[in-house]
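**Q** Quick one: the structure is below, questions incoming.
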């Protein structure tokens, strides 16, 4: 079903019921949702012709005032800066547009609920991004987000818990399977090794071996085991660096999985 929102208009007076879309789609990643116009920085008109030199001073003044009125007031400045931070952090983490949109919605909800006061913009942005990653099932660890957001892991965790409580956000638990595709890709493992790691994780879940264990450590151990079983062996150090865990964690999870699942894999 097509949303006939305000960005649609009748294109013919005789056929008012037929509508056509005008302008770019609404996006929450821009403070005004992309509904305002922009005066292009190039001195060309709509047909691509150069603007006469005598009119360029007037165009410069129009651009200047357009930028000023587009962001008016402290709230809009705060929102514009925060959304640009979300875009910057998302780019550094290689996150898709769906995550950026979700993070922008979470941040806007926090602003509307007056949860920003007394907290740094960077901290709330980072927490919104972490929540969005969990919502979209494209998980990133607190360490990964803290590294790109200029806030400490402690502040990020505290702000994340505050937002989820105050906004009543219910997040699905993170599964080790969610981390397997990204880790496998960065380790250059085959699709077969990735599938084997998921199979190992599912077996471990059925036996309750993942309860109380960090999902990244379980995913890393499963990938290490699958790489050994399929002759694509990666070192524990390589896997640990990609997963952001210690080699000791991988060894501990590895021993638990191989012993309980009776896989007979040698270190």
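**Q** Of all residues in region 43-57 being loosely packed, with under 10 Cβ neighbours inside 10 Å and under 41 Å from the mean Cα position of the chain (by Cα), which is modelled with the lowest pLDDT?
**A** Out of the qualifying residues, it is 46.
**Q** Okay, moving on. Considering only residues that are farther than 30 Å from residue 263 by Cα and surrounded by 15 or more Cβ atoms within 10 Å (Cβ to Cβ), which ones fall in region 168-200?
**A** Scanning region 168-200 gives no hits.
**Q** OK, next. Being farther than 13 Å from residue 196 by Cα, touching a helix residue (DSSP H, G or I) at 6+ places or on another chain (Cβ under 9 Å) and assigned to a helix (DSSP H, G or I), is that true of even one residue in region 221-231? Full working, then the answer.
**A** Kept after step one, since they are farther than 13 Å from residue 196 by Cα, are these residues of region 221-231: none.
Taking every residue of region 221-231 in turn, none turns out to be farther than 13 Å from residue 196 by Cα, touching a helix residue (DSSP H, G or I) at 6+ places or on another chain (Cβ under 9 Å) and assigned to a helix (DSSP H, G or I).
The values are calculated or read from the model by the stated rules, or taken from the named source; none is laboratory data. The shown structure was predicted, so the numbers you read here are calculated from the model rather than taken from an experiment. Every residue, glycine among them, receives a Cβ derived from its backbone with ideal geometry; neighbour counts consider all protein chains shown.
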